Every structure is written in structure tokens, then in C-alpha cells.
Amino acid sequence: MEAAGDAEAEFHAFFERHYAELARLAHLLTGEADGADDLAADALLALWHRWDRVRAAEHPAAYARGVVANMARSRIRSAVRERRRITLFWSGRDEGVADPDVPAVVDVREALRALPFRKRACVVLRHAFDLSEKDTAQALGISVGTVKSQTSKGMAELQRRLGPHPALARVRAVVADPGGSA
């Protein structure tokens, strides 16, 4: 019984240390403030069920970030599929939906949401969480080279969407502060 108590205490400490970070990561990856806490809680529940494996991992926090990233990817894919089904249902024909007008100034969060998941995840983990390329690769289960290229392409796309350098400074500020005070 003592080993179970130790595992519970370790998990509780891990939860206290990383919950806010995982919820923030979920928010930035999905763009949904309301669902971020739920996603982080779901990820931590999954981690608890595999706690022996997680605590034995070389980098448990990176393992947790990977779980959040995978769950966020699944939720995004599910939402996209649902939107497609709704669009097909209401359209009654195979015509595509017209692109909405693009505003002159794009908010950083909107620009992040516009990035494909992998680019968004790389930009968020590298710039908001200050993870190294290696740690980002480990969290997402991709190569360091992929992290480099996706981060570079993601930042270039953000620069195209947001304009010159002052806007890029806002990227770091807004991504780092999910409250949006920047």
C-alpha cells in the first residue's frame, strides 16, 4: 500500500506543478479557452492511468505535453470532420463554401488558429514555452529537422499574416500571455 501512496503523492505533485502549463498549451493549440481546462484534465487522467510508465519516462513533462498535443490534434480533427458534415448537410450540394473576407488586421490568436496544427504546435512550444528544438520534437513525436522547418514556416506565415516586425514581437507576447493583455 505504501507504494500506491507514493505514486499518488508523486502524481499529485506532478499535477500541481504542470496542470496550468498543460492547460495553457491546450488553449494555444486549440484556440479554445473553455475547452483547454477539460483537455488538460483529460490528459492528466490519461497520465494517471499510465502513471508507472510516465514516472519512469526520462522527461515526464515532455511526455505530458505530447499527450496534450495528441489530444488537441484529435479534437481539432474531430471538430473539422463535424463542420464538414454540417456543411454538407446544409448545403445539399457539393459546392465549396466561399472564403470569408480577410480583415486588414489579423489578431495574433486568429493567425495562430489559421496555422496547420504541426506548425502551430511547433511555434507555440518553441516560443511560448521556450522549449528547445529537441524538447519540442520529443513532445510532438517528430524529428528535430521537422521542428526547425515547421517553426520557420509557421513564423514566416505569421509574419505574412501580421505584417512587419512589430507584429512578430506581439506574437511572443500574446502567445506567452493567454489572457491577451498584449
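The residues neighbouring residue 59, those whose beta-carbon lies less than 11 Å from its own, together hold a net charge of 0 under the Lys/Arg +1, Asp/Glu -1 convention. The distance between label points at residue 159 and residue 74 comes to 3.7 nm (points 7 Å beyond Cα on the Cα→Cβ vector).
Values quoted throughout were computed directly from the atomic coordinates according to the rules given, and no laboratory measurement underlies them. Just so you know, these numbers come straight off a predicted model, no measurement behind them. Neighbour counts are summed over all protein chains in view; Cβ atoms, including those assigned to glycine, are modelled from backbone coordinates with ideal geometry.
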